[in-house]
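Visitor: Dropping the structure in here first, questions after.
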Amino acid sequence: MLKKFLEQNEIAACFDESLKKHTTFRVGGNAMCIAMPDTAKKAANLIKFLNQNKIKHYFLGNGSNVIFRDEGFDGVIIKTSNLKELNLNGNLLCAGAGVSMTAAAKLAQENSLAGIECCYGIPGNIGGGVYMNAGAYGGEISACLESVDYIDEKGNLHTITKEQCDFSYRHSAFMKNDWFIVSARFRLNEGDSAQLWSFMEDIMNRRRDKQPLDKPSAGSSFKRPVGYFAAALIDECGLKGLTVGGAQVSDKHAGFIVNIGDATCQDIVRLADKVTRIVLEEKGVQLEKEMIIV
Ligand SMILES: Cc1cc2nc3c(=O)[nH]c(=O)nc-3n(C[C@H](O)[C@H](O)[C@H](O)COP(=O)(O)OP(=O)(O)OC[C@H]3O[C@@H](n4cnc5c(N)ncnc54)[C@H](O)[C@@H]3O)c2cc1C
């Protein structure tokens with residue numbers, strides 16, 4: 001029934017697919033199906049169909065903040081990789097959920113527009129970035145966001161303003177609702193292209209210097225606790241290099257858990273829990289995972 005629906009609606013899909021290929025941590029079992037609609041209409045039809053037929057589903061961007069369990073996912077992953085429209089009209093930048101944040105930031109910079117340059121180098125897509133309210137080096141994706149188009153559980157398309165998105169640190173309204181982000185609009189500010197590029201090059205170099213980009217990970221494993229830095233707390237507890245199976249607290253950046261071989265999801269969860277327990281015991285600070293375990 002699902003296969004027939006996908007074929008009839010011309011939605012690209014693969015079945016019994018390893019989720020290792022779809023997440024930057026390179027862990028997880030197989031997904032029953034990964035569907036990649038290329039228009040909002042197709043995504044809406046698919047969501048309506050899945051909900052009507054009570055088929056479990058999950059939305060996925062570039063998989064750079066998600067880890068799937070070793071048992072896999074017994075349902076349909078709706079991946080945004082084919083929603084790639086990106087255009088600029090004056091200072092209004094419109095990006096499909098599947099556009100990489102780096103590509104959007106580059107287009108803005110090339111056109112002397114400021115507001116999303118902090119997203120350059122974050123390895124996620126616009127949909128995942130908006131969902132997470134991704135940010136770095138003092139900025140957040142939501143800063144210049146004007147509105148978001150999303151599809152609700154019934155397959156209806158809506159537009160909401162930035163205020164309705166309820167953004168705060170690594171938080172958005174999308175976390176409380178089963179809404180599929182289709183695209184986002186950003187009202188950018190006039191900037192200097194050369195200055196923007198120099199900032200973007202600088203943050204990219206800082207990433208290369210400080211982060212273990214040669215090893216699979218989901219970036220910072222923990223959110224920043226109020227008043228502290230997770231990496232500093234973990235480092236002060238002497239946990240760099242702590243290993244469970246194939247998962248390790250990076251030697252280069254204590255805030256990153258990395259996959260040093262054949263890590264399983266269970267290895268990562270066990271290690272993250274161990275780090276959380278030790279930091280609480282030694283520093284009295286409760287860490288909260290930033291990576292999402294599905
Ligand atoms: C090396 C490295 C460095 C990183 N650096 C940073 C950083 O500096 N700052 C930062 O904030 N993050 C960072 N991250 C984490 C990650 O890149 C961000 O959280 C990013 O926003 C995730 O985007 P994604 O497309 O990969 O989303 P995914 O990981 O695929 O998904 C994240 C969440 O968003 C949901 N989602 C995705 N797309 C949609 C959609 N269209 N509609 C509704 N929900 C959706 C998913 O269901 C999931 O819950 C880093 C990760 C890595 C691996």
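The values are calculated or read from the model by the stated rules, or taken from the named source; none is laboratory data. Keep in mind that what you see is a predicted model, and the values were worked out from it rather than measured. Please note: Cβ atoms are built from the backbone with ideal geometry, for glycine as well, and neighbour counts cover all protein chains shown. Side chains are part of the model used for accessible areas, which takes the heavy atoms of the whole protein and leaves out ligands, DNA and RNA. Shrake-Rupley method; radii C 1.70, N 1.55, O 1.52, S 1.80 Å.
Visitor: Going 7 Å from the Cα of residue 69 toward and past its Cβ, which residues in segment 252-267 have a backbone nitrogen under 18 Å from where you end up?
Guide: Inside the label zone: 264-267.
Visitor: Where the centroid of each part is defined by its Cα atoms, how far is segment 1-63 from segment 85-105 in Å?
Guide: 23 Å
Visitor: If each of residue 156 and residue 51 carries a label point 7 Å out from its Cα toward its Cβ, how far apart are those two points in nm?
Guide: 0.9 nm
Visitor: Would you mind telling me the share, in percent, of accessible area of the chain contributed by carbon and sulfur at probe 1.4 angstrom?
Guide: Whole-percent figure for carbon plus sulfur exposure: 47.
Visitor: Then there is this: Can you tell me which of 166-174, 255-263, 107-115 comes out highest on packing, and rank the rest after it, using the mean Cβ neighbours within 10 Å?
Guide: On the way: 166-174: 16.6, 255-263: 21.6, 107-115: 19.9.
Packing order, densest peptide first, comes out as 255-263, 107-115, 166-174.
Visitor: Step through the table entries 42/215; 20/176; 41/223; 54/162, compare each Cα-Cα distance with 28 Å, and write down the pairs that go over it.
Guide: 42/215; 41/223; 54/162
Visitor: Rg/Rh for segment 86-195 to two decimals, with Rh computed the Kirkwood way over all alpha-carbon pairs.
Guide: My calculation puts Rg/Rh at 0.95.
Visitor: Continuing with the same structure: If you take the charge dipole of segment 143-236 about its Cα centre, with +1 on Lys and Arg Cβ and -1 on Asp and Glu Cβ, which of 167, 156, 219 is farthest toward its positive end?
Guide: Checking the options against the dipole of segment 143-236, the answer is 219.
Visitor: Also, quick follow-up: Bin all alpha-carbon pair distances of the chain at 10 Å intervals from 0 and give each bin's fraction as a whole percent.
Guide: In whole percents, the pair-distance histogram is 6, 27, 33, 25, 9, 0.
Visitor: While we're here: Taking the alpha-carbon centroid of each part, what is the distance from segment 125-167 to segment 220-269 in angstrom?
Guide: Cα centres, segment 125-167 to segment 220-269: 28 Å.
Visitor: What residue among 249, 131, 11 has its Cα farthest toward the positive end of the dipole of the chain, where the charges are +1 on Lys, Arg and -1 on Asp, Glu, each on the Cβ?
Guide: So the residue furthest toward the plus end is 11.
Visitor: What are the ³J(HN,Hα) couplings of segment 39-51, residue after residue, when phi is run through the Karplus curve with 6.51, -1.76, 1.60 and θ = phi - 60°? Round to Hz, x for glycine and proline.
Guide: Ordered by residue, 3J(HN,Hα) equals 9, 4, 4, 5, 4, 4, 4, 5, 4, 4, 4, 5, 5 Hz.
Visitor: Over all directions, what mean area does the Cα convex hull of segment 183-294 project, stated in square nanometres?
Guide: 9.4 nm²
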